[in-house]
1. Is it the case, given these coordinates, that V61 is farther than 30 Å from T119 by Cβ and among the aliphatic types (A, V, I, L, M)?
2. Looking at P40, is it loosely packed, with under 15 Cβ neighbours inside 10 Å, outside any helix (DSSP H, G or I) and at pLDDT below 95?
3. Could you list, in sequence order, the residues of the range 75-112 that are under 30 Å from V43 (Cα atoms) and without any contact (Cβ under 8 Å) to a residue 24 or more places away in the chain?
4. So the check is Cβ under 8 Å with 6+ separation or different chains; which pairs have a first residue in the range 116-128 that's at positive phi and surrounded by 13 or more Cβ atoms within 10 Å (Cβ to Cβ) and a second one that's in a loop (DSSP other than H, G, I, E, B) and at pLDDT 90 or above?
5. Is it the case that D146 is part of a strand (DSSP E or B) and at pLDDT below 90?
6. All but one of (1) more than 12 Å from I31 (Cα to Cα); (2) touching a residue at least 12 places away in the same chain (Cβ under 8 Å); (3) not in a strand (DSSP E or B) hold for L66; which doesn't?
7. So which residues in the range 53-80 are in contact with a Pro (Cβ under 9 Å, 6 or more places away or on another chain) and within 18 Å of G131 (Cα to Cα), if there are any at all?
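The values are calculated or read from the model by the stated rules, or taken from the named source; none is laboratory data. The model shown is predicted, which means the values in this text are computed figures rather than measured ones. Don't worry about glycine lacking a Cβ; one is built from the backbone with ideal geometry, like all the others, and counts go over all protein chains shown.
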Amino acid sequence: MEWREKRKEPPFYPPVNGGRDMHELYIAQSILSSVKKSLPENVATEAVTQVRVEVGQLDAVVSESLLFLFNAIKSESGMPAAELLVETIPVRCRCGACGHEFTLDLPVFLCPVCGSGDTVILQGRGIRLTGISANVDEDTEHGHTDHS
């Protein structure tokens, strides 16, 4: 008798927009993984109702794609009721020459006051998990918890 292990193949998501959304798929997976690691032991993943993240403008994340992909994979991560809220953080810089602080609309890192290219990025880079909301058992947290 021959025995073979049945392997469950990971889900395949065909590239959306010619594969440009793979960046957002990885981010969605990473957010869900971070949420799982951040939950207290008494809170089940199924109880998560809201996940809040800040995304820096320089990270070139397409929010609509991230939301779509998060919703596509949240159930298999054990969070079918989770809603993702994304706040885009604008790029803010400080000029090293004159000290002026300014917000960038275009990726041109020049001080609008003195024209110097000696700038330091103060914000607008990175992705940060800022909060998790979950409905929990009455015995543990009186019905609702918010981990901000």
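1. Working: farther than 30 Å from T119 by Cβ: no; among the aliphatic types (A, V, I, L, M): yes.
It is false that V61 is farther than 30 Å from T119 by Cβ and among the aliphatic types (A, V, I, L, M).
2. Values: loosely packed, with under 15 Cβ neighbours inside 10 Å: yes; outside any helix (DSSP H, G or I): yes; at pLDDT below 95: yes.
Against the criterion (loosely packed, with under 15 Cβ neighbours inside 10 Å, outside any helix (DSSP H, G or I) and at pLDDT below 95), P40 qualifies.
3. Step one: list which residues in the range 75-112 are under 30 Å from V43 (Cα atoms), which gives 75-89.
Correct list: S75 only.
4. What qualifies is G124/P90.
5. On the way: part of a strand (DSSP E or B): yes; at pLDDT below 90: yes.
Yes; evaluated as a whole, the condition is true for this residue.
6. (1)
7. Result: G56, K74.
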